[in-house]
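Read the structure below first, then the notes.
The values are calculated or read from the model by the stated rules, or taken from the named source; none is laboratory data. None of the values given here were measured: they were computed from a predicted structure. Heads up, the Cβs are rebuilt from the backbone with ideal geometry, glycines too, and the neighbour counts pull from every protein chain shown.
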Amino acid sequence: MAAVSAHEFFVPAGIFYGAGALGRLGGEAAALGRRALLVSGRGALERAGLLGEIAKALRGAGVETVPFPGVEPDPSIETVDAGGRAAVDGRCDLVVAAGGGSALDAGKAIAAMATNPGSVRDFLEGRELSERPLPFIAVPTTAGTGSEATRNAVITNRQAGSKRSIRHRMLVPRVAIVDPALTLPLPPDITAFTGMDALAQLLEPYVSRRCTPLTDALALDGMALVGRSLARAVANGGDIGARADMSLASLLGGMALANAGLGAAHALSHPLGARFGIPHGRACAILLPHVMAFNLPAAREKYGRAAAALGADTAGLSPDDAARAAVERVRRLAEGIGITGGLSRFGVRDGDLPGIAREARGSSLDANPIAAAERDLTALLEKAL
């Protein structure tokens, strides 16, 4: 038998997804603790009635809740540190985070800070986690970030104007509750942005230098779901079938990126979000076609398969044309759901590009199928203006 490379693959210990998955929250939480810090964003869940539903599910299983609302988009060091103190002061033995990627990433980091002394800043700068975080349950209410299945938390340093990640296998949630009904209140623009983030988190791991047979299978299945359902979910937020497809696509993307890494689109999107406030999914949507075109020489065959998964008719096309069809399909999908224009509409100017390219260096870029120097990244940004 021919030798094969060994791969690692990390996922939450328990994943509950599909209609009615929220019904498993109370029992799963009760198996992990009796007093939960309930992390959420700035009020959207409460206004939609979802936060009360989640708290009720926890209390019904005998789990008390200590609310920690107000997590901002791109959660800050200060928010995470305050959350860690709130968990300790509230004698919490469990963290439950509900919301989009910002709330989930904050929840992960808060669970770690509740047991590891110091500031999250220390861990962003390279200090290793030494103590296991509090048990963490992720309840996504958007379909895009995949944070419910990853081992990283993206945190913003407001003073430095930068976004960095803590990455550790102990940050993988113990439980992910993925109920598409929780995404029904999302407005069309958020549905579009988070959906394009999901697509980026399927395409980039698929062509990553660290891809594996497992991540490839997840990515292809996820792309097919996005191809058939993202435009439907944007056009009709009440289409529960489309919402279910997108929730599953996001989950698959989270598992793929957690184990295969990302690429240049994500590497560039982080400084763009930190410096210019561009919504993460929108930045990914703007950048992704340009990054795909840059990567074509190293990913031709895979992009051809991606094009077919996304619904493009590739019959009879040459490998080069099939790969280019994937780039065009992504571009048209973004435009069709209302994501038009480039980076310049957010105030990005030519003089900003070299600095953004420098800040993009890091782990996301390491997995890109073609090594991208700063001059390459600057050229990509120029195309995306």
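Restricting to region 1-43, name every residue that is within 25 Å of the chain's Cα centre (by Cα), of a type in the set (A, V, I, L, M) and part of a helix (DSSP H, G or I).
Scanning region 1-43 gives A21, L22, L25, A29.
Hey, can you tell me all the residues within region 49-68 that are more than 12 Å from G23 (Cα to Cα), touching a helix residue (DSSP H, G or I) at 6+ places or on another chain (Cβ under 9 Å) and not hydroxyl-bearing (S, T, Y)?
Residues satisfying the conditions are L50, L51, G52, R59, G62, V63, E64, V66, P67, F68.
Would you confirm, using the coordinates I've provided, whether E46 is in contact (Cβ under 8 Å) with a residue 12 or more places away in the chain, part of a loop (DSSP other than H, G, I, E, B) and surrounded by fewer than 19 Cβ atoms within 10 Å (Cβ to Cβ)?
Taking the combined requirement at face value, the residue does not satisfy it.
Would you mind listing the strands (runs of 3 or more DSSP E) fully within region 121-234 where at least 1 residues are buried (at least 17 other Cβ atoms within 10 Å of the Cβ), at pLDDT 95 or above and hydrophobic (A, V, I, L, M, F, W, C)?
Working: elements: 136-140, 152-157, 162-167, 175-178.
Passing ranges, in order: 136-140, 175-178.
Anything in region 85-105 that is within 22 Å of the chain's Cα centre (by Cα) and assigned to a helix (DSSP H, G or I)? List them, or say none. Spell out the reasoning first.
Step one: filter region 85-105 for residues within 22 Å of the chain's Cα centre (by Cα), giving 95-105.
Within region 85-105, G101, S102, A103, L104, D105 qualify.
Criterion first (surrounded by fewer than 22 Cβ atoms within 10 Å (Cβ to Cβ) and either under 23 Å from L171 (Cβ atoms) or acidic (D, E) (or both)) does A274 satisfy it?
yes
Would you mind stating whether R59 is in contact with a strand residue (DSSP E or B) (Cβ under 8 Å, 6 or more places away or on another chain) and among the basic types (K, R)?
Yes; evaluated as a whole, the condition is true for this residue.
Is it true that A258 is closer than 24 Å to P73 by Cα, in a helix (DSSP H, G or I) and either polar (S, T, N, Q) or not assigned by TED's automatic domain parsing to the domain that holds V175 (or both)?
Taking the combined requirement at face value, the residue satisfies it.
Quick check, is L272 at pLDDT 95 or above and either part of a helix (DSSP H, G or I) or more than 17 Å from L199 (Cβ to Cβ) (or both)? Step through it out loud before you land on a result.
Details: at pLDDT 95 or above: no; either part of a helix (DSSP H, G or I) or more than 17 Å from L199 (Cβ to Cβ) (or both): yes.
No; evaluated as a whole, the condition is false for this residue.
List the number of the failed condition for R174; all other conditions in (1) in contact (Cβ under 8 Å) with a residue 60 or more places away in the chain; (2) closer than 26 Å to A274 by Cβ; (3) assigned by TED's automatic domain parsing to the domain that holds A44 hold.
Unmet for R174, out of (1) in contact (Cβ under 8 Å) with a residue 60 or more places away in the chain; (2) closer than 26 Å to A274 by Cβ; (3) assigned by TED's automatic domain parsing to the domain that holds A44: (2).
Could you tell me how many of the residues in region 54-92 are among the charged types (D, E, K, R) and surrounded by fewer than 16 Cβ atoms within 10 Å (Cβ to Cβ)?
6
Could you list all residues from region 285-309 that are closer than 23 Å to S364 by Cβ, aliphatic (A, V, I, L, M) and surrounded by fewer than 22 Cβ atoms within 10 Å (Cβ to Cβ)?
Residues satisfying the conditions are A293, L296, A298.
Suppose we filter region 56-84 for residues that are small (G, A, S) and in a helix (DSSP H, G or I); how many remain?
The total comes to 5.
Is it true that P117 is part of a loop (DSSP other than H, G, I, E, B) and either touching a helix residue (DSSP H, G or I) at 6+ places or on another chain (Cβ under 6 Å) or modelled with pLDDT of 95 or more (or both)?
So P117 does not fit the description; no.
Working only within region 100-139, note down all residues that are touching a Ser or Thr at 6+ places or on another chain (Cβ under 7 Å) and not polar (S, T, N, Q).
Those that are touching a Ser or Thr at 6+ places or on another chain (Cβ under 7 Å) and not polar (S, T, N, Q): G100, G101, A103, L104, D105, A106, E131, R132, P133, L134, A138.
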